[in-house]
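Working notes for the structure below.
The values are calculated or read from the model by the stated rules, or taken from the named source; none is laboratory data. The shown structure was predicted, so the numbers you read here are calculated from the model rather than taken from an experiment. Glycine also receives a Cβ, built like all others from the backbone with ideal geometry; neighbour counts cover every protein chain displayed.
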Amino acid sequence: MPAQSTEFRVRGTAVALHRAGQGPTALFLHGAGGVPQWLPFFDLLAERYELLVPEHPGFGGSDDPPSIRSMADLALFYLDLVEAAGLERIHLIGHSLGGWLAAEILIRDRSRFRSLVQLAPAGIRVKGVPCGDNFIWGPEEAVRNLYHDQSFAERILAVKPDEAQMDVLLKNRFTVAKFGWQPRWYDPDLEKWLHRIKLPALVVWGEDDRIMPPAYAALWRERLPDARLVMVEECGHLPHVEKVDVVARRVCAFLEEVA
Amino acid sequence: MQLVSFHLMPYRPLDLAEAAKHRSPWVVLPNRLYDPKKGAEEYACHIDALVYAEELGFDAIGVNEHHQTAYGLMPAPNLIASALIQRTKRVRIAILGRALPLVNNPIYIAEEFAMLDNLSKGRIIAGFVRGIGSEYHSSGVNPYFSHERFHEAHDLIIRAWTEPGPFAFDGDHFGLRYVNLWPRPYQTPHPPVWIPSQGSSETVAWAADPRRKYPFLVTFSSADLVARYHNSYREEARRQGYEAAADQLGWACPIYVAESDERAREEAGRAVETLFNDFLRQSFEMLMPPGYTSISSMKNFVRMRGALGGGRLTAEALIDSGTALIGSPKTVLAGIERMRERTGFGILVALLQFGILSDELTRRNMDLFAAEVMPHLQG
């Protein structure tokens, strides 16, 4: 199902917004890689939900306002966005950096949200278990370390990005550094407020995640007040890409249950 | 021409074959490869050579700052500068430079420079840099805010040196209720500020601003690039309404002088190759962390790197491109004069020790440079 893409403005900041499907609202918050393409996972969700996939400020086709300097700024921007769009009872789905963002939003104001799905989220840390350093990895290494099944990596590495795609890659990378370089991939103040996310939550993690270590999954499960955890076998940092069928099935079953 | 004798203080005993097995000699090279007994000797030899440069008639001796690397053993260059002050009388001491964005309170840098300026009775040249990309990996400081932090730290340091304290400084990165420097710098209004750089257009425009007119030192670039950066500084100065003076333009270059071109290449060829291929080896991701330069500067860098091609740089290529001046006194002098004709530069920062170049050859290089090249550049 092809997505419909529009520009959505929030207090002067234009955000590229992709959407598909009909039904209750599901809002997907992308990770560090942005939204370079429409994913099969999105199509599966769009069969039952109105799925909204915005590109965060500073990524892809969205504006990069200088006022957004931290994850806290980004979270408050999204609270403005859902208010401006009049969204209610939102199922919030975050991946990696987007999972971190989802948590930053919900500890501040969960009133417009119905549930939370976390796919290998960043945002908290386990002391003594460092994340993978994807800022020091070379381009090939960085792609390979995203996946357990290297055939996914090879398909990506076989295609050379054109100039416009390179520009987007660089823009995304700059923004990711702004939010996640230091402290690396977490907010020291987030973990202690996760109890405020009084929503049913599903945490999904690849057992072979080389970026956000699987040891982090247990901490999320423990800190969120109403969370269940799904570990996905033979899967890296992109469970919704690498194991799309099983992950989409688990996510849809969860969303149905909490509806 | 002002002549500066400059050492990076590489860790020469490094096991290069072992180091080559790691991602880079920066940030991640296991420090079990550092032997403190050998390292202590290295410090002693490098300091002796810099002190000797005063005897030979150099105007200044130079040190710099790098972290967590075998490329240079001076994470705290002011400690070396302090030692050099005690062992020299007349020569200026150039710290090229301190990396301003890497600290959480730049007042400490203002204080240290002010102390050194007092200890040396006004012989300090204060270099300000952002640190190279790898330093953002080793320090954890966010490269996205590197330019902001540099400019803010610079403004704070200059104000701390020149304005009566105490006063409050309201920065976005550095906010201080009390700025009140004890000691104040010895020189008036403050030690000269030099800007060593890899030549980003943002830095050129900022350094050339008539309120600053900071000497701009181009490091480790081919002669064509050095000329391009010098001339872009000149154009920028003209655009801002004045003609840049010779002593606003500097060139930092590995130099080796021997009796003949052949002998010079034979003695220094491998050393200069180790500097560029072994000690400087860093990936794009290390050199250019996101936000360290603008997106357009970063794309230029990618293009230039692509043009250079991969693989090891040979001494021949480094000499041919004018990245290093290696040869007879006549050859080396000609290289310097050619650059002077192209850009009118007036500060030569001579790297007379580089890579694995031994103490003995360093000493001979310095003697011959002082005897055969220096007289033609002075006066």
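Filtered by the rule that a residue be of a type in the set (Asp, Glu) and assigned to a helix (DSSP H, G or I), segment B:38-70 gives B:41, B:42, B:48, B:54, B:55. Whether a residue is of a type in the set (D, E, K, R), part of a loop (DSSP other than H, G, I, E, B) and surrounded by fewer than 16 Cβ atoms within 10 Å (Cβ to Cβ) was assessed, and residue A:88 passes this test.
Just give me the residues in segment B:135-165 being polar (S, T, N, Q) and either more than 14 Å from every other protein chain (Cβ to nearest Cβ) or closer than 24 Å to residue B:4 by Cβ (or both), in sequence order. Listed by number, the list holds a single entry, B:162.
Would you be able to say whether some residue in segment A:87-109 is more than 25 Å from residue B:284 (Cα to Cα) and without any contact (Cβ under 8 Å) to a residue 12 or more places away in the chain? Looking for residues that are more than 25 Å from residue B:284 (Cα to Cα) and without any contact (Cβ under 8 Å) to a residue 12 or more places away in the chain, one finds none in segment A:87-109, hence no. Note on segment B:155-182: among residues that are touching a residue at least 12 places away in the same chain (Cβ under 8 Å) and of a type in the set (A, V, I, L, M), the one that is nearest to residue B:99 (Cα to Cα) is B:157. Within segment A:134-166, track down each residue that is within 11 Å of chain B (Cβ to nearest Cβ) and within 23 Å of residue B:282 (Cα to Cα). Result: A:134, A:135, A:136, A:137, A:138, A:139, A:141, A:142, A:166. In segment B:1-24, the residues that are without any contact (Cβ under 8 Å) to a residue 12 or more places away in the chain reach residues that are of a type in the set (A, V, I, L, M, F, W, C) and in a loop (DSSP other than H, G, I, E, B) with C-beta atoms within less than 7 angstrom, at least six apart or across chains, in these pairs: B:22/B:28; B:22/B:29. Within the bounds of segment B:28-45, is there any residue that is away from every other protein chain (no Cβ under 14 Å) and buried (at least 24 other Cβ atoms within 10 Å of the Cβ)? No.
Given the criteria surrounded by fewer than 23 Cβ atoms within 10 Å (Cβ to Cβ) and within 20 Å of residue B:196 (Cβ to Cβ), does residue B:356 qualify? For residue B:356, the condition - surrounded by fewer than 23 Cβ atoms within 10 Å (Cβ to Cβ) and within 20 Å of residue B:196 (Cβ to Cβ) - is not met. Of all residues in segment A:178-199, those that are more than 13 Å from chain B (Cβ to nearest Cβ) have Cβ atoms under 9 Å from Cβ atoms of residues that are in a loop (DSSP other than H, G, I, E, B) and hydroxyl-bearing (Ser, Thr, Tyr), 6 or more apart or on another chain, in A:187/A:70.
With a requirement of 2 or more residues that are more than 24 Å from residue A:69 (Cβ to Cβ), the helices (runs of 4 or more DSSP H) lying completely within segment B:81-183 that satisfy it span B:107-119, B:146-162.
For (1) among the small types (Gly, Ala, Ser); (2) out of contact with any Pro (no Cβ under 8 Å at 6 or more places or on another chain); (3) without any contact (Cβ under 8 Å) to a residue 24 or more places away in the chain; (4) buried (at least 17 other Cβ atoms within 10 Å of the Cβ), each residue gets a yes or a no:
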site	(1), (2), (3), (4)
B:89	no, yes, no, no
B:101	no, yes, no, yes
B:105	no, yes, no, no
B:109	no, yes, no, yes
B:121	no, yes, no, no
B:133	yes, no, no, yes
B:137	no, no, no, yes
B:153	yes, no, no, yes
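Quick check, is residue B:19 surrounded by fewer than 18 Cβ atoms within 10 Å (Cβ to Cβ) and either closer than 27 Å to residue B:1 by Cβ or at pLDDT 95 or above (or both)? So residue B:19 fails the test.
Pairs, please: C-beta under 6 Å, at least 6 apart or cross-chain, first residue under 19 Å from residue B:361 (Cβ atoms) and in segment B:327-343, second assigned to a helix (DSSP H, G or I) and of a type outside the set (Asp, Glu)? Here the result reads B:327/B:264; B:329/B:373; B:332/B:373, each pair linking segment B:327-343 to a residue that is assigned to a helix (DSSP H, G or I) and of a type outside the set (Asp, Glu). Looking at the structure I just gave you, is residue A:216 modelled with pLDDT of 95 or more and over 26 Å from residue A:111 (Cα atoms)? In short, yes. Going by the structure shown, is residue A:248 over 16 Å from residue A:122 (Cβ atoms) and modelled with pLDDT under 95? Judged against the criteria, residue A:248 is not a match.
If you filter segment B:187-201 down to residues that are in a loop (DSSP other than H, G, I, E, B) and out of contact with any strand residue (DSSP E or B) (no Cβ under 9 Å at 6 or more places or on another chain), you find that the one that is surrounded by the most Cβ atoms within 10 Å (Cβ to Cβ) is B:200.
Within segment A:175-207, if we keep just the residues that are surrounded by fewer than 16 Cβ atoms within 10 Å (Cβ to Cβ) and acidic (Asp, Glu), the residue that is farthest from residue A:34 (Cα to Cα) turns out to be A:189.
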